[in-house]
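Asks: Got a structure for you, written out below as structure tokens; questions coming shortly.
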Amino acid sequence: ALSIHVDYMQQALNLARKSPPKPTNYRVGALLVERKTNTVLATGYTLECEGNTHAEQSCFIKLAKEHDILEEQLGDILPKETVLYTTVEPCFKRLSGNLPCVQRILRLGKTIKTVYVGVKEPEKFVGENTGRKQMEDAGIEVVLVEGMEREILEVATAGHVPES
Ligand SMILES: Nc1nc(=O)c(N)c(NC[C@H](O)[C@H](O)[C@H](O)COP(=O)(O)O)[nH]1
Ligand SMILES: [Zn+2]
């Protein structure tokens, strides 16, 4: 049966499709959702916000702008039962050196309770992604929403040069 999680992951994948293809990152879509009422608090996709931004980061930037606060202050306004859907698991390291999204999530305190991911990050750019363990150690549940791996990866890597 189509779970609510697949519905949100499909929405996230549709967002990822808006991302301009690039060989050095993944095209990812993300949604911040208030679990009790299932209200979408913010949507985002890779490179949506100016600069070299990630999908999860774009959600945070947009929501912070809406509340006229800094991104790192979002923990003060996010509902206690906020969850994040992202087609590719949050990054723990970025080749650009920008702050990884796991750190962005962790600094929001106990507001983000669960992170739903469509796929684990491939090891192409930064080797094995150890972000999941960092989040679980901080009490954040990480749930793999199965069944969409192939299409998520197809969208995520659309800007990559085919492996020769
Ligand atoms: N979860 C996630 N959301 C994104 O929006 C995105 N682009 C990635 N991609 C992860 C990948 O590891 C980094 O894109 C590379 O490490 C290059 O780093 P930059 O993106 O240039 O900072 N991962
Ligand atoms: Zn990231």
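Just so you know, all these numbers are worked out from the coordinates, no wet-lab data involved. Only a predicted model underlies this, so the values are computations on that prediction, with no experimental measurement involved. Cβ atoms come from the backbone with ideal geometry, glycine included; neighbour counts cover every protein chain shown.
Asks: Which residue, 12, 55, 64, has the most motion in a Gaussian network model of the chain that connects Cα atoms within less than 10 Å?
Replies: Largest GNM mean-square fluctuation: 64.
Asks: Name the trypsin sites (Lys or Arg not before Pro) in the stretch 1-39 that are in a loop by DSSP and that have at most 10 other C-beta atoms within 10 Å, would you?
Replies: In loop regions of the stretch 1-39 (DSSP not H, G, I, E or B), the sparsely surrounded trypsin sites (Lys or Arg not before Pro) are 36.
Asks: Exposed loop GluC sites (Glu not before Pro) only (DSSP loop, at most 16 other Cβ atoms within 10 Å): please give the longest stretch of the chain free of them, not including the sites.
Replies: Maximal segment without exposed cleavage sites: 1-49.
Asks: Sorting 160, 67, 54 on the 10 Å Cβ count, fewest up front, what's the list?
Replies: On the way: 160 16, 67 12, 54 31.
Ranked by crowding around the Cβ, least crowded first: 67, 160, 54.
Asks: Let me ask something additional. What is the ratio of the Cα radius of gyration of the chain to 2.2 N^0.38 Å, where N is its residue count, to two decimals? Present the calculation step by step, with values, prior to reporting the outcome.
Replies: On the way: Rg = 14.6 Å, N = 164, 2.2 N^0.38 = 15.3 Å.
Taking the Cα Rg and dividing by 2.2 N^0.38 Å, one obtains 0.95.
Asks: Right, here's the next one. Please report the equivalent ellipsoid semi-axes of the stretch 63-113, computed as sqrt(5 x eigenvalue) of the Cα gyration tensor, largest first, in whole Å.
Replies: Square roots of five times the eigenvalues give 20, 14, 10 Å.
Asks: Can you give the extra length, in nm with one decimal, that the chain gains between residue 98 and residue 143 once fully stretched, where that is 0.36 nm per residue apart less the Cα-Cα distance?
Replies: Gain in length upon complete extension: 13.7 nm.
Asks: Here's another thing I want to ask about it. Which lysines have a Cα lying under 29 Å from the Cα of residue 18, excluding residues fewer than 8 positions away in the same chain?
Replies: Once the sequence-local lysines are set aside, what remains near residue 18 is 36, 62, 65, 93, 113, 120, 124.
Asks: So how far, in whole Å, is the C-alpha centre of the stretch 78-105 from the one of the stretch 8-35?
Replies: 13 Å
Asks: Summing Lys, Arg as +1 and Asp, Glu as -1, what charge do residues with Cβ under 12 Å from the Cβ of residue 158 carry, residue 158 excluded? Let's see the in-between values first.
Replies: Numbers: positive: 17, 18, 22, 27; negative: 151, 154.
Residues close to residue 158 contribute a combined charge of +2.
Asks: How large is the charge dipole for the chain, taken about the Cα centre, if only the Cβ atoms of Lys, Arg (+1) and Asp, Glu (-1) carry charge, to the nearest 20 debye? Write out the running numbers ahead of the final one.
Replies: Working: 20 positive and 23 negative charges, 24 e Å.
That gives the chain a dipole magnitude of about 120 debye.
Asks: On to the next question. Relative to the longest principal axis of the chain, what angle (0 to 90°, nearest 10) does the C-alpha long axis of helix 4-16 take?
Replies: Between the helix axis and the principal axis of the chain, the angle is about 60 degrees.
Asks: Pick from 69, 105, 140: which is most flexible by mean-square fluctuation in a GNM of the chain where alpha carbon atoms under 10 Å apart are linked?
Replies: 69
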